[in-house]
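What follows is one structure encoded as structure tokens, with my remarks underneath.
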Amino acid sequence: MTATLYDRLGGTEGIRRIVDKLVDNHLSNPVVSARFSGSDADNLKEMAGNFFITGSGGPEIYTGKDMVTTHKHMNINGDEFVAVLDDAMNALQANDIGQREQEEVLYILYSLKDQVVGI
Ligand code: HEM
């Protein structure tokens, strides 16, 4: 049986490391940093980490809002969405995640586009 994406990303510990890097990337990415200027970075890391852990086949610990409710009225555009995908790919590569897993994460994130962009 193939291991879950959760396992292949290094389980809870591995995903926490990836998401910490992802949020740090957002904070220093000029395309999106202003979006997060009022955010509590530690809380965002916790919530985004929980989202990834649950969404990749790990324990059901995500108790945050759904993606439409979270991003509604933010008027997020396509360039910002691509910037977030860039930050995610960079975070995976910085943590030596394999290409197959990078592709799977990219596909999952891309599939959420309609729940994030222009809503
Ligand atoms: C597929 C792409 C994305 C996913 C999976 C995602 C996921 C999340 C999650 C899980 C949260 C936390 C929700 C909660 O606290 O209940 C969140 C919050 C947020 N997201 Fe996204 N997001 C995505 C794209 C974006 C984009 C493109 C932007 C804008 C550049 C953005 C801006 C924000 C902001 C400003 C918050 C609120 C932070 C806060 O409460 O301080 N997101 N997102």
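The values are calculated or read from the model by the stated rules, or taken from the named source; none is laboratory data. Quick caveat, the model's predicted, so the values are computed rather than measured. Neighbour counts run over all protein chains shown; Cβ positions are idealised from the backbone, glycine included.
To keep it simple, each residue is scored yes or no on (1) closer than 25 Å to ASP96 by Cβ; (2) more than 9 Å from the ligand (Cβ to nearest atom); (3) surrounded by 16 or more Cβ atoms within 10 Å (Cβ to Cβ); (4) at pLDDT below 95.
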position	(1), (2), (3), (4)
GLU13	yes, yes, no, no
LYS21	yes, yes, yes, no
SER39	no, no, no, no
PHE51	yes, no, yes, no
Close pairs from segment 70-95: first farther than 19 Å from MET47 by Cα, partner more than 8 Å from the ligand (Cβ to nearest atom), Cβ under 6 Å, at least 6 apart = ALA83/ASN29; ASN90/ASN25; ALA94/LYS21; ASN95/ARG17; ASN95/ILE18
request  = State whether one or more residues within segment 69-89 are near the ligand (Cβ under 7 Å from one of its atoms), closer than 17 Å to ASP20 by Cβ and within 12 Å of the chain's Cα centre (by Cα).
outcome  = yes
Options SER56, SER28, SER33; residue that is in contact (Cβ under 8 Å) with a residue 12 or more places away in the chain and either more than 8 Å from the ligand (Cβ to nearest atom) or farther than 24 Å from ARG8 by Cβ (or both) = SER56
key: Options SER33, SER37, SER56, SER28: the member that is of a type outside the set (Val, Ile, Thr), out of contact with any Cys (no Cβ under 6 Å at 6 or more places or on another chain) and closer than 14 Å to VAL105 by Cα   = SER56
request  = Evaluate the following for VAL105: is it near the ligand (Cβ under 7 Å from one of its atoms), surrounded by 13 or more Cβ atoms within 10 Å (Cβ to Cβ) and β-branched (Val, Ile, Thr)?
outcome  = no
